[in-house]
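Asks: My structure is below; once you've seen it, I'll send some questions.
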Amino acid sequence: MRKRQMLPGLLIGGLLLLGGGWWIGVATSLTTHQAAALAVSVTQTTGASTDFAGRVISRTNMYRTQHGCPAVTPNAALTRAAQAHSEDMATHDFTGHNDSNGVTLGNRIRAAGYSYVMLGENIAWGQPSPEQVVDMWFNETPPNDAHRQNILNCAFRDIGVGYVFVANDPGNITAHYYWTEDFGILAKPAPTATPKRTPTPKR
């Protein structure tokens, strides 16, 4: 298995995807190495995961409304994508915006069923509470503030949060807590053409 590990000292990763181009606000240089597959026991309960995700969203919306942005609302497809990515990072011993098979953020989100105009993603690991992880993302200093910019992007309308706790966390990354926060703007469906009616000839 090929695994990607964040370079030492890079604790968070923020990414914004707009149209067809990538803008990386935090250095996310990755190294690749050969390693054996790890059997990691992911410990989480549905209730705890849902509660933590809700607290991340509440904290995020607190900062957004304080700065004049509308609150984002949970989206089922973004939530599926974010949760799957946190589980992927935890179980495959890597951190990054591409998944363990190299699938990019945009393709991950599309596969989850979210057709987007714009996406943003914040990831982090090692923070034990929702408030700590959101505060860490928010309290960045420009110009190295990609996560803060995602949180304060007033254009975003949807959000999905993924959280995983690994009690026994072997391998190169032993963070125990893995977080993903996905933002998006849903693409509007194309308008359907209205068939023209042929006038009925008068008799």
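Bear in mind that the values in this text are calculations on the coordinates, not laboratory data. As the structure is a computational prediction, the values presented were derived from the model and not from experiment. Note that each Cβ is placed from the backbone with ideal geometry, even for glycine, and that neighbours are counted across all protein chains shown.
Asks: Taking the mean number of other Cβ atoms within 10 Å as a proxy for protection, how do you rank 135-143, 161-169 from highest to lowest? Walk me through the intermediate numbers first.
Replies: Working: 135-143: 14.3, 161-169: 20.8.
Most protected by this proxy first, the peptides run 161-169, 135-143.
Asks: Under 5 Å between amide H atoms, partner at least 5 residues away or on a different chain: which partners does residue 164 have, H built in plane at 1.01 Å?
Replies: Result for residue 164 returns 178.
Asks: What fraction of the DSSP beta bridges in the range 51-203 is antiparallel, stated in percent and rounded to the nearest 5? Write out the running numbers ahead of the final one.
Replies: Working: 17 of 19 bridges.
That works out to approximately 90 percent antiparallel.
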